[in-house]
Amino acid sequence: MDQRALDQSTATQDEVDSRLLARALEMGAGIVMITDELGRIQYVNRAFEEETGYTLKEVKGRKPSMLKSGLQSPGFYQKLWRTLNAGDQFTDVLINRKKDGTIYYEQKTITPLFIDEAGQAQKFISIGRDITDQIVEQRRLTRFVSYDPVTELPNRHLFSERLSQAIVRQKRDAGSLAMVFLNLHRFRRINETLGYEAGDRVLKDVAQRLNSILGEVATLARLSGDNFAFFVEGDQSACLEGLMKSVIDAFRLPIYCCSEKIFLNVSMGVSLYPECNTADVLIKNAETAMVKSKSTGVDQYRFYTSDLNMHNKYKLSMEAELRRAIEKQEFELHYQPQIDLATKELVGVEALIRWNHPKRGMIPPNDFIPLLEETSLILQAGEWVFHQACRDCIDIRSQGFPCNRVAVNLSALQFYNEQLPRVIESVLAEMKLEACALELEITESVVMTGIQRALDTLRGLADLGVRLAVDDFGTGYSSLAYLKQFPVHVLKLASPFVQGVPSDTRDVGISRAIIALAHNLDLEVVAEGVESEEQVNFLAEEQCDIVQGYYFSRPLPKNQLIAFIDRWCK
C-alpha cells in the first residue's frame, strides 16, 4: 500500500474513531468537540451546533480559535496549551463568540487522548456547557454587592477595597493619600417632605455633580444615605483643597426636583495617609472630622487631628447618657412667660426642655438637643414634653393661676413624623386639656423645606384645634404666597431682630415690616428675646401683641413660674 493510500486509510480510521468516541459521549455530555493532534476540528455534536449556530460541515477542519471572542488574553491560551502539551486536563471558562456574534460563556474541560510513544496527544476532546446565565447573574449580584443601586457609584464595601489597594500602592512608592468624607445637610428633610423617590433623584444629581468635578482625579463612592466619600493619591493630593472648594461651589446652585428648587450644603472631613494607615481608620477619622466640621457651620471642611477622637468618644458617651436620661426621666421643663403688651396680662408660657444630669447638673440645651435630633431620640423626648407641658398647664390652673396656653417647640423630625397628629390627639385626650391650650412652634426653615407636605401636616394639626406658630420668622426664606396658605395663628419675631431695636435701623425696618405683615394676615406677633425697656417701648409703639424675654423673666421651673405668676397678677 502506497503512502497516500496509507494516509487516507489512517484519516478514515481517525474519523471513525472520532465518531465512535463522540457517540459514546453523546448520552450524557453537553457541548462536545473533538480535534486532531494539530487542533483541527474533526467532530462537533448537535449541542455544539445549536449553541454556536455553526454546523459540523462549517467547522470541520478549522481550528477552535474561530470561536474566540477576543475578550481573553494571549496568556490565557498560552496556559491552555502548556497544560494540554504536558498531557494534563485543562478546565476553565472560555469566553467565545457564536456565529451571529453573540458572546457566550462555556465551562469547558479539554482532555488529551491517545498519547503516542513520543508522549504526544493524538486527539483532544472538549466537553462544555453554556454558563452564560450564571455568569450574568453572578455579575449582577457582584454589582449589587459592590455598587450603590441609586447612584451606580461604588458602595462602602468596594470603596474600602479600593482604598486598601491604594494604600498598598502608596506604601510601595513612599507616597501619600487623602481621604474625604462628605455629608449632605438636611437631606433627610427631602425624603420626609418630598418622598424617597424624589430623594433618589436628588442623590443621582449629587453623584453627577461630584463626578463632573472629580473626574479621573479621585475615586468616588456613596457610603450610605447622605454620605459620600472620595480619595486622591500621590501627587494629586496637592490639588485636594481646590477640589473641595469646587465641590462647595457646585452646591451653591439649586437642584430642581418635583417642581421644587432644592439647595444642599455640604460638610467634609479629611484624613491622610500615612498618618492613618488602614482603610477603616482613614474612613473613621475622616467621618470624625466631617462631624466636627458640620458642627461649626455649613460648606466647611476640616482635617482630622487626634483630639477629634476625644470629641467623638464624648458624643458616643453623651448618646448613651441621653438614652438613660429618657428612661430615668432626668429631663424637666422650664417655662418662659409670655406677656400681652396691651393688657400686661400673662397669656401663656413657652415650654423649654432642660436636662438635669445627676452628676453634672443642668446641661445647656445646645449641648444635647442637636444630639437628640441626630439620633432620633427627639421623638421619644418630644412625646414626654407634650405630656409634661399639658400636665403642668393643668396643675397651674388647678392652683388658681392663669395659664391660657403652653407653647411647645417641634423639631423637623417631629414635624414630619406621620404619627404626630395621632400623638397630639392622644396626649390631649389623656390629659383632658382643650386643644386650643396647646401651641406648636415650627421654625420657618422647617415649614419651607417641602411646601406641600408642610401644608398638609399643618392642616392636619389645625384640624385638631391646636394653635400653630411659625418660630424664628425672618431668618429663613418664606414666600408670602405660601405663608398666607398656612393655617397658622402666630408669627414669632426672631430675637436677633428684636435685640437690634431701636438703635439698628435695619432691625427696626425688618421688625416693623414683620409686625405689619402678620397683622395684615390676621396673625398674632410674639417678639422673642426682649431684654430692655427700650425694646418693650418700641414693640408697644409698633403694636406687637405679645413679648417674652429676660426683661420679664428667664425660663423657670414650674414652682418658680407659679411664684412669678402670683407676683405678676398682684
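The values are calculated or read from the model by the stated rules, or taken from the named source; none is laboratory data. These figures come from a predicted structure and were not determined experimentally. Because the Cβ atoms are built from the backbone with ideal geometry, glycine has one as well, and the counts that use them run over all protein chains shown. Surface areas here come from the heavy atoms of the whole protein model, side chains and all, with no ligands, DNA or RNA. Shrake-Rupley method; radii C 1.70, N 1.55, O 1.52, S 1.80 Å.
Considering the conditions (1) charged (D, E, K, R); (2) open to solvent by 20 Å² or more (accessible area, probe 1.4 Å); (3) at pLDDT 95 or above, E373 is excluded by exactly one of them, (3).
Could you say which residue among K99, K68, K63 is open to solvent by 80 Å² or more (accessible area, probe 1.4 Å), closer than 15 Å to S126 by Cβ and touching a helix residue (DSSP H, G or I) at 6+ places or on another chain (Cβ under 9 Å)?
Being open to solvent by 80 Å² or more (accessible area, probe 1.4 Å), closer than 15 Å to S126 by Cβ and touching a helix residue (DSSP H, G or I) at 6+ places or on another chain (Cβ under 9 Å) holds for just one of K99, K68, K63, which is K68.
Of note, T193 satisfies the criterion of being under 21 Å from A454 (Cβ atoms) and of a type in the set (V, I, T).
Looking at Q78, Q120, just one residue is under 21 Å from Q42 (Cβ atoms) and surrounded by fewer than 14 Cβ atoms within 10 Å (Cβ to Cβ), and that residue is Q120. Scanning the range 128-176 for residues that are hydroxyl-bearing (S, T, Y) and under 28 Å from I95 (Cβ atoms) gives T132, T142, S146, Y147.
Restricting attention to the range 358-394, the residues that are among the hydroxyl-bearing types (S, T, Y) and either closer than 19 Å to I442 by Cβ or not in a loop (DSSP other than H, G, I, E, B) (or both) add up to 1.
Pairing residues of the range 473-490 that are more than 13 Å from M448 (Cβ to Cβ) with residues that are at pLDDT 80 or above and among the small types (G, A, S), at Cβ distances under 6 Å and at least 6 apart in sequence or on separate chains, gives P487/A462; V490/A469.
Taken over the range 51-68, the criterion of being of a type outside the set (A, V, I, L, M, F, W, C) and either part of a loop (DSSP other than H, G, I, E, B) or in contact with a strand residue (DSSP E or B) (Cβ under 9 Å, 6 or more places away or on another chain) (or both) is satisfied by E51, T52, G53, Y54, T55, K60, G61, R62, K63, P64, K68.
To keep it simple, each residue is scored yes or no on (1) touching a strand residue (DSSP E or B) at 6+ places or on another chain (Cβ under 8 Å); (2) of a type in the set (A, V, I, L, M, F, W, C); (3) outside any strand (DSSP E or B); (4) on the phi > 0 side of the Ramachandran plot.
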{"site": "M318", "(1), (2), (3), (4)": "no, yes, yes, no"}
{"site": "R323", "(1), (2), (3), (4)": "no, no, yes, no"}
{"site": "H334", "(1), (2), (3), (4)": "yes, no, no, no"}
{"site": "P337", "(1), (2), (3), (4)": "yes, no, no, no"}
{"site": "K344", "(1), (2), (3), (4)": "no, no, yes, yes"}
{"site": "V347", "(1), (2), (3), (4)": "yes, yes, no, no"}
{"site": "E350", "(1), (2), (3), (4)": "yes, no, no, no"}
{"site": "W355", "(1), (2), (3), (4)": "yes, yes, no, no"}
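Check whether at least one residue in the range 76-94 is closer than 17 Å to T132 by Cβ, in contact with a Ser or Thr (Cβ under 7 Å, 6 or more places away or on another chain) and of a type outside the set (F, W, Y), and report yes or no. Within the range 76-94, none of the residues are closer than 17 Å to T132 by Cβ, in contact with a Ser or Thr (Cβ under 7 Å, 6 or more places away or on another chain) and of a type outside the set (F, W, Y).
Considered as a group, the residues in the range 223-238 that are closer than 18 Å to F251 by Cβ and surrounded by fewer than 21 Cβ atoms within 10 Å (Cβ to Cβ) include one that is modelled with the lowest pLDDT, and that residue is G225.
Restricted to the range 223-297, the set of strands (runs of 3 or more DSSP E) holding at least 1 residues that are among the hydroxyl-bearing types (S, T, Y) comprises 255-257, 266-273. Give me a count of the residues in the range 123-157 that are aliphatic (A, V, I, L, M), open to solvent by 20 Å² or more (accessible area, probe 1.4 Å) and under 16 Å from N227 (Cβ atoms). Qualifying residue count for the region: 1. Under the condition of being under 12 Å from S532 (Cα atoms), in a helix (DSSP H, G or I) and not aliphatic (A, V, I, L, M), the residues counted in the range 489-503 number 2. The residue of the range 198-222 that is farthest from H157 (Cα to Cα), among those that are within 13 Å of the chain's Cα centre (by Cα) and open to solvent by 20 Å² or more (accessible area, probe 1.4 Å), is R201. For the range 515-570, the set of residues classified as within 41 Å of the chain's Cα centre (by Cα), among the small types (G, A, S) and buried (at least 19 other Cβ atoms within 10 Å of the Cβ) consists of A518, A527, G549, listed by residue number.
One line per residue, one yes/no per condition, for (1) open to solvent by 80 Å² or more (accessible area, probe 1.4 Å); (2) at pLDDT 90 or above; (3) of a type in the set (D, E, K, R):
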position	(1), (2), (3)
D14	no, no, yes
A86	no, no, no
Q107	no, yes, no
I110	no, yes, no
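Pairs are defined by a Cβ separation below 9 Å, a sequence spacing of at least 6 or placement on different chains, a first member in the range 377-396 that is among the charged types (D, E, K, R), and a second member that is assigned to a helix (DSSP H, G or I); the pairs so defined are E383/Q414; E383/V423; E383/V427; R391/M431; D392/K558; D392/L561; D395/K558; D395/I562.
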